[in-house]
Amino acid sequence: MTLRPLSRTTFPDLPTYPEKMIQFGEGNFMRAFVDWQLQQMNKKGLFQGSAVLVQPIEQGLGDMLAKQDYLYTVLLNGIMQQQTVNDHEIITSVSRVINPYSDYESYLALAENDELEFITSNTTEAGIAYRPEDRLADAPPKSFPGKLTALLHKRFELGKKGFTIIPCELIDRNGEKLKEIVLQYANDWQLGDAFIQWLERENTFCCSLVDRIVPGYPRDKAQALAEELGYQDHLMVTAEPFLFWVIEGPASLSERLPLAKAGLNVVVTDDMTPYRERKVHLLNGPHTAMVPLALLAGLETVEDVMNDAAYSVFVKKLIEDELIPMLDLPKEELQSYAEAVQERFKNPFIRHELTSISLNSISKFKTRLLPVLLRYQREKGELPKFTTLAFAALLFSYRGDKIERQDGAEVIAVFDQAWSRPESAAVTILQDESLWGEDLTKVPNLVQAIEGYLQQLESSGSRAALQQLI
Ligand SMILES: NC(=O)c1ccc[n+]([C@@H]2O[C@H](COP(=O)([O-])OP(=O)(O)OC[C@H]3O[C@@H](n4cnc5c(N)ncnc54)[C@H](O)[C@@H]3O)[C@@H](O)[C@H]2O)c1
Ligand SMILES: O=P(O)(O)OC[C@@H](O)[C@@H](O)[C@H](O)[C@H](O)CO
């Protein structure tokens, strides 16, 4: 069947909006997260604006988006509040994509538009980085902060007001980091005190935390979906229905960018730390805890874990009995977040591979779970048994003969060395401060507990070791 291409010719009645946001990044995440949210505000008549997208690197989706008149479909698939969600929507909140590598003039011309008020970005964890070779005269500077500095400088020269800048990259304190690099370029490029004062006075750099699982283009189901939709869209994006965006910024932002007013799960706050802690410990923590135990039992995906009677109890108990009690946020709020997380983990429409989460599991355990284990021990005088079993399973899985380890060479070398003497492996690993930042053999009973679980894992396997606890 020949299908109509997705375009404004095929759908002449779709709305258009003036540009109010500059967005660095045209990838799946931003289109299903920020632009999808602009669309929800527009539908409620609360924003009436679009985003002009800037390709952060030379290769990108700009040409493909242009062929579709910057339209694409977001497919929301998952379970939310016990209801199955299976929605699709053509997104009309992207006006165009500028490739600054082929059209630097149009990029700098953005500085002239008074209606542009917001700047967002997601340039991956690699994007917010200082590149000493960048110069103001480059067309464009290669780094994202370099490009941004050039645009801000042009805006300053025109005597215009600044922007509210909200980066979405998954790095801690992203807004502060971006501002730091922009200021560094301002100094290195000798852009003058007046520009630095304008940067400080006229621009607000917000830190933000994003949360939505976006698997992207549904390759395996693309043809069937096209037939169902009745048009051909080469840029459709699948996402889970859940969304959360915490923006650390001025309260007035809620009025200027009325995301919450549009019913979206967005919080503007003066301190995002508790939200970051909540996500890191209650979402990323259980991910990291389930990986070694479940991989050792032959499970493959997060959904497999949630569909397994014993392993899903492990996740629930870990969250409710050990993680939530150690977090300093209202318990009801934590409980409802934890329930949403478990629903998201069960999403039957998303194949989330445990091996993809397993990358760099040692440093993830250190930030996501170890602080909770230590606090639990200090406050309760005993070890949290599910977290401790997960810790033992992690050390066991790093013996190297059970599952493939995906970690830095130095980390793997520490484990190879320790496991060459199995009788002292637990002590050697636990006392290694390069792994944990402290000597964990000093934690009361930890060595004995880990050694006990290691023996069980060796003699009867992960499932049996878990069954003993539940
Ligand atoms: N997909 C998800 O579920 C999800 C959820 C939350 C956060 N994120 C984060 O969002 C980021 C993008 O994910 P995606 O799914 O949109 O990927 P994607 O491949 O669709 O898009 C990547 C985007 O990053 C830009 N980019 C890539 N390398 C860059 C570099 N070195 N410098 C500057 N820009 C660069 C690309 O131009 C593109 O716009 C990831 O880093 C991920 O951590 C993703
Ligand atoms: O992306 P990582 O490898 O740091 O962590 C794996 C998952 O915990 C993570 O990708 C979550 O699914 C994501 O953070 C949800 O917003």
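The values are calculated or read from the model by the stated rules, or taken from the named source; none is laboratory data. For clarity, every value in this text was computed on a predicted model and none was experimentally measured. Cβ sites come from the backbone with ideal geometry, for glycine too, and all protein chains shown count toward neighbours.
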Give the residue, chosen from E303, E320, that is within 28 Å of S460 (Cα to Cα), among the charged types (D, E, K, R) and either in contact (Cβ under 8 Å) with a residue 40 or more places away in the chain or within 11 Å of ligand 2 (Cβ to nearest atom) (or both). E303
The stretch 328-358, residues that are away from ligand 2 (no atom under 16 Å from the Cβ) and buried (at least 20 other Cβ atoms within 10 Å of the Cβ): L334
Take the residues in the stretch 112-168 that are within 12 Å of ligand 1 (Cβ to nearest atom) and closer than 17 Å to L253 by Cβ; name whichever of them is surrounded by the most Cβ atoms within 10 Å (Cβ to Cβ). P167
Candidate set: the stretch 276-306, residues that are β-branched (V, I, T) and part of a helix (DSSP H, G or I); chosen: the one nearest to the chain's Cα centre (by Cα): V280
Of the residues in the stretch 264-278, those that are buried (at least 20 other Cβ atoms within 10 Å of the Cβ) and either basic (K, R) or over 19 Å from T367 (Cβ atoms) (or both) number 3
For Y17, are the conditions met, namely being in contact with a Ser or Thr (Cβ under 7 Å, 6 or more places away or on another chain), farther than 21 Å from I128 by Cα and of a type in the set (F, W, Y)? yes
Residues of the stretch 359-391 being surrounded by fewer than 16 Cβ atoms within 10 Å (Cβ to Cβ) and under 30 Å from D220 (Cβ atoms), in sequence order, are L359, N360
May I ask you to list the residues in the stretch 359-373 that are farther than 14 Å from H281 by Cα and more than 12 Å from ligand 2 (Cβ to nearest atom)? I362
Restricting attention to the stretch 219-236, which residues are within 16 Å of ligand 1 (Cβ to nearest atom), of a type outside the set (D, E) and crowded, with 18+ Cβ neighbours inside 10 Å? L235, M236
Out of the residues in the stretch 392-414 that are surrounded by 13 or more Cβ atoms within 10 Å (Cβ to Cβ) and of a type in the set (A, V, I, L, M), state the one that is nearest to L373 (Cα to Cα). A392
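Taking the options G216, G249, name whichever one is at positive phi and either of a type outside the set (S, T, N, Q) or in contact with an Asp or Glu (Cβ under 9 Å, 6 or more places away or on another chain) (or both). Break it down stepwise before answering.
Values: G249 fails: at positive phi.
Of G216, G249, the one residue that is at positive phi and either of a type outside the set (S, T, N, Q) or in contact with an Asp or Glu (Cβ under 9 Å, 6 or more places away or on another chain) (or both) is G216.
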Going through the stretch 419-428 one residue at a time, which ones are more than 19 Å from V443 (Cα to Cα) and part of a helix (DSSP H, G or I)? W419, P422, E423
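Table: residues versus (1) buried (at least 20 other Cβ atoms within 10 Å of the Cβ); (2) among the small types (G, A, S).
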| site | (1), (2) |
| --- | --- |
| W36 | yes, no |
| K43 | no, no |
| E58 | no, no |
| A66 | no, yes |
| L76 | yes, no |
| Q83 | no, no |
| T92 | yes, no |
| E105 | no, no |
Does at least one position in the stretch 432-449 carry a residue that is assigned to a helix (DSSP H, G or I), modelled with pLDDT of 95 or more, within 18 Å of T355 (Cα to Cα) and not aromatic (F, W, Y)? no
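Listed residues V268, V246, V237; which is hydrophobic (A, V, I, L, M, F, W, C) and without any contact (Cβ under 8 Å) to a residue 24 or more places away in the chain?
Numbers: V246 fails: without any contact (Cβ under 8 Å) to a residue 24 or more places away in the chain; V237 fails: without any contact (Cβ under 8 Å) to a residue 24 or more places away in the chain.
Of V268, V246, V237, the one residue that is hydrophobic (A, V, I, L, M, F, W, C) and without any contact (Cβ under 8 Å) to a residue 24 or more places away in the chain is V268.
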Being closer than 19 Å to L183 by Cα and charged (D, E, K, R) is the filter here; which residues of the stretch 98-140 pass it? R131, E133, D134, R135, D138
Hey, L183 more than 13 Å from ligand 1 (Cβ to nearest atom) and farther than 30 Å from S336 by Cβ or not: yes
